[in-house]
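Every number in this text was worked out from the coordinates using simple rules, so none of it is lab data. As the structure is a prediction and not an experimental result, all values here were calculated from the model. Every residue, glycine as well, gets a Cβ built from its backbone with ideal geometry; the counts of neighbours run over all protein chains shown.
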Amino acid sequence: MTGDNRVQSGGRIDRAKPIGFTFDGKKFTGFAGDTLASALLANGVHLMGRSFKYHRPRGLLTMGSEEPNALVGVGSQESRFTPNLRATQVELYEGLTAVSQNNWPSLSLDFQAVNGLFSSFIPAGFYYKTFMHPKGAWESLYEPLIRRAAGLGRAPKARDADHYANLYAHCDVAIVGAGPAGLAAALAAARGGARVMLFDEQAELGGSLLAESAARIDGKPAADWLAATLAELAAAPHVTLLPRTQIFGYYAQNFLAGLERVSDHLASPDPKLPRERLWRVRAKRVVLAAGAHERPLVFPDNDRPGIMLADAARGFLARYGVTPGARAVIATAHDSAYRAALELAQAGVAIALIADLRPNAEGEWPEAARKAGLRVETGAAIVGTRGHLRVSHALVAKRWADGSAGRGEAIACDLIAMSGGWTPSVHLFSQSRGKLAFDETLQAFVPDVSAQAERSAGACRGAFALSEALADGAAAGAAAVSAAAPAPVSVEGAPAAHGGFLGLSPPHGDPQKSKAFVDFQNDVTARDVTLATREGMRSIEHIKRYTTTGMATDQGKTSNMNALAIASQALGKTIPQVGLTTFRLPYTPVTFASIAGMSRRELFDPVRQTPLHAWAAENGATFEEAGLWKRASYFKRPGEDVKAAVARECLGTRERAGMMDASTLGKIEVVGPDAAEFLNRLYINAFAKLGVGRCRYGLMLNEAGYVMDDGVIARLAQDRFHVTTTSVGAAHVITLMEDFAQTEWPDLKVWFTSTTEQWATIAINGPRARQMLEPLVEGIDISAAAMPHLSMREGHICGVPTRLARVSFTGELGFEVNVPADYGRAIWEAIWAEGRKVDCVVYGLDVLLILRAEKGFIVVGQETDGTVTPDDLGLGKMIAQSKPDFVGKRSLAMPDLAREGRKQLVGLLPDDSQFKLDEGAQVVDAIAPAIGTSALGHVTSSYFSPTLGRTFAMALVAGGRSRIGGTAYVTTMQGTALVRIVEPIFYDKEGKRLDA
Amino acid sequence: MLLIRCPYCEMERPETEFRYGGEAHLVRPLHPAAASDEEWSAFLYLRVNDKGLHAERWRHASGCGRYFNCLRDTITDKISVTYKSGEAPPSL
């Protein structure tokens, strides 16, 4: 069907371009230029959603981004489905598929609307009071139930098929809002030569001018002035116009975040286009021209479909040619609703009555309405409504002097257009940390003191009249480029409108017995707010949290001031005394995907690959992540399972030889006359007297005395060290080195260079390791006599310069060949060719971890967790006691670090030699410890050892070394396992194999 | 996102180039062994946590790599001045 409620001409839609779409599976037709909201209204559809808590039928309240009711899901494919979109912002395109939300089984028949019948049992704070007991029931029972009953749309199940872009931009003047004030500001700033960016949330720039049919600006109809202004701005090369772009966040130093809807409005967008673009804009000056929001009147049952804000009703007509009803009651306390009445009447809508809360209404607009023959009743309140899926009657009563109202007279209508006046949109100003002031005349908070290079202009600072907004905007734009304000443009046919009302509309009878909605999106009534004050809430921040008023995704745009007024009245305080809640970003909801931008899937994090990665991938490696690194876990052969591959690699290395890519090891070149002194102060070990060509294991603590990193440090020259770190700790270590060198010991002459990615590192371990290297190495004598364990030599391998170290993390005879990264693969292949002659294996990280644990070597981050001292690890003897100081030394003498009974590293052998303990499992001293007993410690590493033919583990256990020889229990998923506590070394205790 | 002036590069750069480094002007005792447990604990753990102007360290991690100090207002986030390591905080 096409729009039954469409006038023949007028508005900004293109009647020559019909557009088909569906809502809840039903086919409709709208026109190009429509939003989903206007097209549905044109088709007579007012019921668009169900409310959050009570599942009450709801229709449009507004025409813009502040819409709390008409939230819909859009998208025919699951991978492009978006929930919770405001129908007022969804632009129509051919084939658009929209569904209503939060209803079951259907929008017009919602079983959960019974929540409404029990609503007197669901008052403010209900969740806090009712769902406290029994303990644990919140998560298992109540929350899932509540989540199902009360909620917004559903999350899409398929992976998002769209992509999203991020953009940074800089400008002289950023203007937020392209209504009259924003446009005037942009003109003035652009004419001053500044780089201007003009943002607006709507598809078309113009703001209120888009619905302006009567006013003339500069002698022209408003629409012509708008077109001329946009043409001038579009032609200016230094001006960027960004419609569909919501500035949602205002951060420090004029940093704005905006979300541009790039392709959501297109039927078949270019697949190269992102769906949304996140703008991050740094502006020298900001002009906020965010406009104002009309306020609802808070009367009982003010939320039925067909009850909307007066200027929204007028706007649907002026902008989309839609009559939102056939017979309207206008409920107002502000002149602007008279204008709505006049324009609706002109379009053929019967105006049953204009009920004005004010005792008198004598402005230009009310006079015009009376002159046009519309029935105006002043001192009249709406005290209720009737209707179910659409409003059918307004109950209009006399307002008494005591603040109450009489019995209502039922007046038939299918539209109630209401206006409680206008609230300046100070959200962004408040986000910028500007200070607000309460204007007694306007009865509104307006910007007072700016915190940044910012100025508000137009309705968002209370300059509501068109002529005021244009002049204020022009002045703000000129000031932003330090120019004099231009002469004001002439405005005719737009008289100022006055009035306003805050809080609960005068009620008939007990207001505690009715539902007068304050916050439509979160279903908060006036009663909830007064209840909160009766229950002791005094601060508006507490009332907000207790009632959830203003906490929905609409950020309380239509509700905050009414809630505040009701609270202030209940508390007997003025509005400024009660104060305003903090405005949070985002101004409107923002997709996670737009914030992530390109950082998704394979681009989520950088991937670091070693120079030997490709060889490993070609040779059957399975990779795992270590920090950002990809490391080979093991190299499965055809037909092998993981256990078999690991066993083959373990035994091959212990019995013959194994090669491993150790390139991920962090490497730092530490150079300078004071390099040795520096390392001496940073590590617990002594480095001052380390001979050139020798290596030493180094353990690094933080200042609090806990182990932070370890590695092997080689002295290449008197003033040059090759320092290795853990694979994931390298960046942290070099940062710490820089910190101490720059700020603590700036007198030391020492410099640091990260060389992790400059070297490929190949570890060769096992009794045949020397045999493999000997034919390849040039200029280095690698015999046991010439090159002892823990030494490093410089020379060549296959003609390539190398730093060759004799070190071992497996307990076997071991070498590490460092070569420039670009030669890594060639040298690896040359060594591998030699290795094949001696039946060498290639092993991965899994095997390395087993081999090192068999020897009791720790892994920082596995045996340590930031609370472990060297002595806890049994490494206390490494501490160079002769050094007066090193980082962390003083802390080791602190009472808690020196006390008896600390957790110490021990070995565990499960009584069942084939049972593998879980890493992280608790160690306890009884088979069934009493509830509340502390664990003795936890398992840090646990493996099956192919060499030993059994499982083993390491653990940190309270007083562990004194328990060696005893037993303990380890909790597992299969029950409690008996373990023997042993020395944390399981293989070659004498260390003979280093020289095998 | 803050704009921070690096006193070594002498230019304003976006916050993403920098890393926060904690409170500034903490003095590591020259002879830690001589410090009492209380003094050492205070050095390790006690921080001023001021509301208002706070002297703190930042590092131009993705730029020159230098540590420097600044005075930042912990209420408004406004950085009023940055200065080199070793310099006394300017009086405002």
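Pairs from the list A:889/A:992; A:883/A:989; A:689/A:889; A:284/A:557 with a Cα-Cα gap above 21 Å: A:889/A:992; A:883/A:989; A:284/A:557. Return the whole-Å distance between the Cα centroid of region A:671-696 and the Cα centroid of region A:319-343. Answer, in whole Å: 84.
Couplings for region A:168-177, taken from phi via the Karplus curve 6.51 cos²θ - 1.76 cosθ + 1.60 with θ = phi - 60°, read 9, 8, 10, 7, 6, 10, 9, 10, 9, x Hz in order; Gly and Pro are left as x.
Model label points for residue A:443 and residue A:591, set 7 angstrom from Cα along the Cα-to-Cβ axis, are 4.1 nm apart.
Dividing the mean sequence gap of close Cα pairs (under 8 Å, 6+ apart) by how many residues region A:921-969 holds gives a relative contact order of 39 percent.
The alpha-carbon of residue A:636 sits under 13 angstrom from the alpha-carbons of these aspartates and glutamates, leaving out residues fewer than 8 places away in its chain: A:618, A:649, A:846. For chain A, the relative contact order works out to 9 percent when only alpha carbon pairs closer than 8 Å and six or more residues apart are counted. Once the Kirkwood radius over Cα pairs is known for chain A, the Stokes-Einstein relation at 20 °C and 1.002 mPa s delivers a diffusion coefficient of 63 µm²/s.
Helix A:310-320 and the longest principal axis of the Cα set of chain A meet at an angle near 80°. By the count of neighbouring beta-carbon atoms within 10 Å, fewest first, A:557, B:78 end up ordered B:78, A:557. Show which aspartates and glutamates lie in cross-link reach of residue A:220 when reach means a straight Cα distance below 17 angstrom and same-chain residues fewer than eight apart are skipped. Within reach: A:212, A:232, A:492.
The DSSP beta bridges internal to the protein assembly as shown are antiparallel in roughly 75% of cases. Region A:928-996 to region B:1-76: how many Å between their Cα centroids? The two parts, judged by their Cα centres, are 43 Å apart. Take each residue of peptide B:26-33, count the partner chain Cβ atoms within 10 Å of its Cβ, and average: the result is 4. Hey, which aspartates and glutamates would be in cross-link range of residue A:53, C-alpha to C-alpha under 16 Å, not counting anything within fewer than 8 residues on its own chain? Leaving aside aspartates and glutamates fewer than 8 places away in the same chain, those within reach of residue A:53 are A:110, A:143, A:301, A:303, A:519, A:523, A:528, A:554. Apply 1/(1 + (r/R0)^6) to the Cβ-Cβ distance of residue A:213 and residue A:265, taking R0 = 30 Å, and write down the FRET efficiency to the nearest 0.05. Approximately 0.75, to the nearest 0.05. The label point for residue A:702 and the one for residue A:717, both projected 7 Å from the Cα toward the Cβ, are 3.6 nm apart. To the nearest ten degrees, helix A:642-655 and the longest principal axis of the Cα atoms of chain A are 30 degrees apart. Database remark: amide H of residue A:169 closer than 5 angstrom to the amide H of A:280, A:281, A:282 (H placed geometrically; neighbours at sequence offset of 5 or more, or on other chains; Pro and chain starts carry no H).
Say the cut-off is 26 Å between C-alpha atoms; which of A:749/B:51; A:544/A:573; A:435/B:78 go over it? Listed pairs above 26 Å: A:749/B:51.
Using 0.36 nm per residue and subtracting the Cα-Cα separation, the extra length available between residue A:234 and residue A:643 on full extension is 140.4 nm.
Karplus-based coupling profile of region A:340-351, in residue order and whole Hz: 4, 4, 4, 5, 5, 4, 4, 8, x, 7, 6, 9, with θ = phi - 60° in 6.51 cos²θ - 1.76 cosθ + 1.60 and x standing for Gly or Pro. The spacing between region A:353-403 and region A:705-741, judged by their C-alpha centroids, is 79 Å. The calculated FRET efficiency for the pair residue A:400 and residue A:327, based on their C-beta separation and a Förster distance of 25 Å, comes to about 0.35. The HN-Hα couplings worked out from phi for region A:929-937 by the Karplus form 6.51 cos²θ - 1.76 cosθ + 1.60 (θ = phi - 60°) are x, 5, 4, x, 6, 6, 6, 6, x Hz, whole numbers, x standing for Gly and Pro.
If you line up the long axis of helix A:222-235 against the longest principal axis of chain A, both from Cα atoms, how many degrees apart are they, to the nearest 10? In chain A, helix A:222-235 runs at an angle near 30 degrees to the longest axis. Computed over chain A, the per-residue total of -39500 (n - 2.57) for DSSP H runs of n ≥ 4 gives a 222 nm mean residue ellipticity of -6000 deg cm²/dmol, rounded to 500. Applying a DSSP loop filter and a limit of 10 other Cβ atoms within 10 Å to the trypsin sites (Lys or Arg not before Pro) in region B:42-77 leaves B:51.
Residues whose amide H falls under 5 Å from that of residue A:12, counting only those 5 or more places apart or on a different chain, are A:320, A:321, with hydrogens built in the peptide plane. Take the Cα of residue A:796, go 7 Å toward its beta carbon, and the backbone nitrogen atoms of region A:740-778 under 12 Å from that spot belong to A:777-778.
Could you check the simple spin-label distance between residue A:598 and residue A:934, using points 7 Å along Cα→Cβ, in nm with one decimal? Spacing of the two 7 Å Cα→Cβ label points: 5.2 nm.
Computed from the Cβ-Cβ distance with R0 of 35 Å, the FRET efficiency linking residue A:688 to residue A:774 stands at 0.55.
Cβ screening of the protein assembly as shown for cysteine pairs under 4.7 Å finds these without a partner: A:171, A:413, A:460, A:650, A:695, A:798, A:840, B:64, B:70.
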